[in-house]
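Below: one structure, written as C-alpha cells.
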Amino acid sequence: MKQVDLTRLKNCMRRAMKGEKLTIGFFGGSITQGCLAAEHERAYSYRVFQWWKDTFPQAEISYVNGGIGGTTSYFGVSRIWQDLLMYQPDVVAVDFSVNDREGQEAFFQETYEGVIRRILTCQSKPAVIILNHVNYDSGSNLQACHNEVGDWYGIPHV
C-alpha cells in the first residue's frame, strides 16, 4: 500500500487561493447525480462544489457533474471522456461503490481501476478523491474493493 499522496489536491487548493480557474468534477451513479435529494443544491456533489466556492471566493470555480443513475464503473469507463474528462477537471470525486455489484468484485475492481487510471492520466492531472457511499436498504457497497485501488495509487478515500 502506497502512502496517500495529497500533492495534487494541495496544488489545486494553492491555485484556488491565488484566484485561478478550477473545475471541480464528480463521477458516479445516482448519488453523484443527486437522486433523492430534495433539491439539486442538497446533493453531496453540489454541496462540495459550493464548499470550494465559499472557501475560495477569489477563484473562478466551475462544476461538472458526471453522475448518471444506475451506472457502474464498467459503463463509466466508456463514458468518462464525454461526461467528465473533456472539461479538463482539476479535482474529481469518484463514487461507484453502490452500483458496482457484490459477488463480482474482481470484475468491478478491474473496471473501477480503468476509471481511476483514465482520470489520473487526463491532461489536466486532476486530484482524485474516492467516495464510498452505502446502499440505503442494506448498508452494503464495494468500498473494500475500490479502496484497494485507491491504496495502490495513493488516492485518498472517504
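Among the residues of region 82-103, just one is without any contact (Cβ under 8 Å) to a residue 12 or more places away in the chain and over 21 Å from Phe49 (Cβ atoms), namely Gly103.
Would you confirm, using the coordinates I've provided, whether Val92 is of a type in the set (A, V, I, L, M, F, W, C), under 13 Å from the mean Cα position of the chain (by Cα) and surrounded by 15 or more Cβ atoms within 10 Å (Cβ to Cβ)? Please lay out each step first, then the result.
Working: of a type in the set (A, V, I, L, M, F, W, C): yes; under 13 Å from the mean Cα position of the chain (by Cα): yes; surrounded by 15 or more Cβ atoms within 10 Å (Cβ to Cβ): yes.
Judged against the criteria, Val92 is a match.
Of the set (1) open to solvent by 40 Å² or more (accessible area, probe 1.4 Å); (2) in contact (Cβ under 8 Å) with a residue 24 or more places away in the chain, all apply to Ala106 but (2). Taking the numbered list (1) open to solvent by less than 80 Å² (accessible area, probe 1.4 Å); (2) over 17 Å from Tyr74 (Cα atoms) in turn, Thr111 passes all entries but (2). Could you tell me whether any residue of region 15-36 is at pLDDT below 95 and farther than 17 Å from Phe96 by Cα? No: region 15-36 contains no residue that is at pLDDT below 95 and farther than 17 Å from Phe96 by Cα. Restricting attention to region 41-80 and to residues that are open to solvent by 90 Å² or more (accessible area, probe 1.4 Å) and free of Cβ contacts under 8 Å to residues at least 12 places away in the same chain, the residue that is farthest from Gly19 (Cα to Cα) turns out to be Phe75.
Could you list, in sequence order, the residues of region 115-144 that are closer than 15 Å to Gly28 by Cβ, assigned to a helix (DSSP H, G or I) and either open to solvent by less than 10 Å² (accessible area, probe 1.4 Å) or hydrophobic (A, V, I, L, M, F, W, C) (or both)? Listed by number, the residues that qualify are Val115, Ile116, Ile119.
Tell me whether region 137-149 contains one or more residues that are over 22 Å from Arg15 (Cβ atoms) and among the β-branched types (Val, Ile, Thr). Steps first, answer last, please.
Of all residues in region 137-149, those over 22 Å from Arg15 (Cβ atoms) come to 137-149.
Filter once more, keeping what is among the β-branched types (Val, Ile, Thr): 149.
Checked region 137-149: at least one residue is over 22 Å from Arg15 (Cβ atoms) and among the β-branched types (Val, Ile, Thr).
The values are calculated or read from the model by the stated rules, or taken from the named source; none is laboratory data. Predicted model only: the values in this text are computed from it and were never measured. We place every Cβ from the backbone using ideal geometry, glycine too, and count neighbours over all the protein chains shown. Keep in mind that these areas ignore ligands, DNA and RNA; they rest on the heavy atoms of the full protein, side chains included. Shrake-Rupley method; radii C 1.70, N 1.55, O 1.52, S 1.80 Å.
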